[in-house]
1. Given points 7 Å out from each Cα along the Cα-Cβ axis, report the His646 to Trp727 separation in nanometres with one decimal.
2. Restricting the count to DSSP beta bridges whose residues both fall in the chain, what percent are antiparallel, rounded to a multiple of 5?
3. For a 19 Å ceiling on Cα separation, which of these pairs sit above it: Lys54/Lys456; Lys78/Lys121; Lys455/Lys487; Lys455/Lys475?
4. Can you give the angle from 0 to 90° between the axis of helix 197-225 and the longest principal axis of the chain, with both taken from C-alpha atoms, to the nearest 10?
5. Calculated FRET efficiency, Glu438 and Thr302, Cβ-Cβ r, R0 35 Å, to nearest 0.05?
6. Multiplying the sequence separation of Arg391 and Ala519 by 0.36 nm and subtracting their Cα-Cα distance, what value in nm do you get?
7. Determine the calculated [θ] at 222 nm for the chain from helices alone, applying -39500 (n - 2.57) to every DSSP H run no shorter than 4 residues and normalising by the residue count; nearest 500 deg cm²/dmol.
8. Efficiency by 1/(1 + (r/R0)^6): what FRET value for Lys333 and Arg383, r their Cβ-Cβ distance, R0 = 30 Å, to the nearest 0.05?
Amino acid sequence: MATFLYKLGRLAFRRRHFAVLIWVALLTLAGVGAASAPAAGTTSFSIPGTEAQKAFDLLEQRFPGASADGATGRIVFKAPEGQKMTDADNKATVAKTVKALGDGSEVVSVTDPYTTNAVSKDGTVAYTSVRYDVPGMELADSTRDALESAGESARDTGLTVDVGGDALEAGAEMGATGEIIGLALAAVVLVVTLGSLVAAGLPLLTAIIGVGIGVSTITALANALDLGDTTSTLALMIGLAVGIDYALFIVSRYRAELAEGRDREEAAGRATGTAGSAVVFAGLTVVIALAGLAVVNVPMLTKMGLAAAGTVVVAVLIALTMIPAMLGYAGGKIRPANEKREDKREDRAKGEAQGRVEGEAKDRAKVTGASAGQPSRPNMGTRWASFVIRRPAAVLLLGVVGLGVIAVPATQLELGLPDDGSQPTSTTQRRAYDLLSEGFGPGFNGPLMIVVDAKKSADPTAAFTSVTDGIKGLKDVVTVTPATPNKAGDTATITVIPDSKPSSTQTEDLVHAIRAQSADIKADTDAEVLVTGTTAMNIDFSQKLNDALVPYLALVVGLAFLLLIVVFRSILVPLKAALGFLLSVLAALGAVVAVFQWGWLAGLIGVEETGPIMSMMPIFMVGVVFGLAMDYEVFLVTRMREAYVHGESPSQAVVTGFRHSARVVVAAAIIMMAVFGGFIGASDSMIKMIGFGLAIAVFFDAFVVRMAIVPAVLALLGKKAWWLPKWLDRALPNVDVEGEGLRALDTARPTASPDEDRELVRA
C-alpha cells in the first residue's frame, strides 16, 4: 500500500498539470449536469415491513384517485375576545376563505368547518382543511402563495389566522452564514497548524472541489434517484470535514518529510505513501459506516448514506492525487515543519562562540532526549503524552467516568420525528398547531387512521361497526369517526383522535392497544385492522430503527474491527478503538438529550422548542461518528505503530506518535467541529440537531478518547497492545501502512539537505 501510494504521489507531483486538469474537468462536468438536470421532485418516505406502510399501500390500491400522498393545508381561525366563530360576520369571512381556496388548480377538496364539525366546543376556534393532488414539495409556488394569501385576507378582518400542514413544506435552509463562519474558523486553524496561507489554502481548496463534485452529482441525480435536500446536506457536511482533514494529514506529513532533508518530489511521495495510507483506511471506515446504513432497510437512510459515502471516496481520491499535484505548484511557498524554528535559533546563536553553542545543545539534548534535527524543547504533544504515561490509571479513570456521567441523560432518550409542534414559535405553522391544540385538544394534531380490510369478511359493514365500537372503549380516545368505505365497500377508513399529543407515550400505547385488538377482530370477522397516519408512521419508524441498531453496530463495528486488525496487526488496539468510540457516542447522545429534550443550554444554540429526539439520530450518529472517530485513531496510532516497528519501546512509541501527530489530530478535530457546528445555525431542527450531535461527538472522541484514554490504555498494556497470534499474522495481508517498505529507498536514493532543496526551488 505505502509503496503504491508513494509512486502515485510522485507521479501526481510530476504530472501536476494533468492531475489538476482531471479534477477540474470532473467538477465542470458535475456542475453542468447539476445545472441541466430536471428539478428534483418529491422525496418519498417509506418504511418497508411496517404495519403503517402496509396500510398506506393498501389505501393506494383500494382508494384510487384519493391522492393519499397529496399535501394538506389547514387554515385555523380564532375569534377575537368576546366573539365566537359562529357569529355571522366570522362565518362570512370563513366562507369567503373557503371559496377562495377552492379555485386553485391543484386543489382536490376544501372543507367547510360548519358542516364538518370543525368548530371547537367553546366556539372560539375553527379550521378548514385543503387537500391537494400533489405532495408538498411538488406544489407550485402560486398554490402555496394562494394558501398564505387566503389566510392573510382573513386576518385583515380581525380574526387570528394561522396556516399549518405540509402544504407549506419547502426545502430546509442550510444555515449558510454559520457554515461560512465554520469554514473561516477552519482556515484560521489551518494557518496556525501549517504555518502559511498557501499551505492552509490547499486543504480548503481541495475539500471545496471534492464537495462541489459530490453535491453537484447528487443534484444531477436527485430527480432520477429520488434524493432529498437532506441527502446533499449530509454529503456537504461530511465531505467538507473529511476533505479538509485528509488533506491536512498529507500536507502536514509533507512538511515533516521536508524537515528530514528530502527534496520536494520525494517528500510528496513519502507523505502520500505514509499519511496517504492512513487516509485510505480512515476513509474506508467512514465508507463502511455510511454504506452500512443500508441494513436498516429505510430507503431514505440508505440513499443518504450511499451519497455521503460517495463524497468521502471523492475526498480520499483528491487527497491522494490533487494534493501532491498542488504541492508541486506551491514549491518553496510551503516550508519544512521546523524551518522557522531553526531560523530563530540561528539568529539567537549568531555572534556566540561555536563551542558554547555546541555545549548548550548537548545539555539540552541530555535534558529533553531530543535527537539531531528535532526541536530542543518537547512540543505540547510530547509533554502531554509523557504526562499520561506517568499517570495512565488516573487519566483512564477520569476519562471513562467523565464520559459516563455525560452519557447518563441518554438513558431517558425519547424518540420521535419533528412535526409542526417542533417548529419555532415565530412560525405560522407552530401557531396553527398550538391553536388546534387549544381548541380541540393536544391529540388533534396527531390523528390515527385506521384502515379496515374486510375483503374476506362475510359482512364488511358489521366488521366496520365492530372495529369502531372496539376502539371507542379504549383508554385515551377522544373521538372516533364513523367508518368511510370505498366504492367497492370492502375497505374503510376510521379516524381516531387521541387524548394526548402525538409524541406522548400515551398515544404510542393507544396505537399498540388498537393493534392488540386486531387479532380478536380478525378471528371474529375475518377483517384485518391496520393503523397508519403520520403518528403511527413515526412510532413504527422509531421502532424499526431501534430494532436495527444492534445488527447495524455488529456489522459496522465488526467490519471496521477486522480492517483495523489488518492496519495495526493487533487485537487489543482495534478493540480499544471500538470501545472508546461507543463511550464517546453514548456521551454525545447524552448531551443531545440534555439540550434538545431537556432544554439545558438550549437558548445558546437557538433551540426554541424541546421535545423527543429525532428517531434516526442514534443510528445516524453511530454511523457517521464511528467513521470519523476512526480517522483520528488511524492517523494517531499508525504513527505509534510506525515508531514501534522501527525499534522504539511501547511507551516511547506513544510519545513519538503524539509528538508527530497530536497537533494535526487536534487541528483536524477543531476543523470538524467548526464545519459541523456551522450547521447548528440551520433553521431545520433535524439539521441543527445533527450538526450539534456530530460536533460534540467529535469533541468527546478526539479530545477525551483519542487524546487521553488511548495513550493511557496503551501505556497500561505495553507490548501486549501490539500482540497478534502468529497464525493470524501469517494469514493477514501486509498492507504496510507505516511505510516500512519505503525505508529501503533511503539507501537507494540520496536525500538533499533543506538548504540544498531551497536552492533548487529558487533556481
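1. Reported label-point gap for His646 and Trp727 is 3.5 nm.
2. Among the beta bridges of the chain, antiparallel pairing accounts for roughly 95 percent.
3. Going by Cα-Cα distance, Lys455/Lys475 fall outside the 19 Å limit.
4. Relative to the chain, helix 197-225 is tipped by roughly 30 degrees.
5. So the FRET efficiency works out to roughly 0.30.
6. Fully extending the segment from Arg391 to Ala519 adds 39.9 nm.
7. So the calculated ellipticity at 222 nm is -21000 deg cm²/dmol.
8. 0.45
No lab work stands behind these numbers, since they all come straight from the coordinates. In this text the structure is predicted, and so the values were computed from the model without any measurement. Note: ideal-geometry Cβ built from the backbone for every residue, glycine included; neighbour counts use all protein chains shown.
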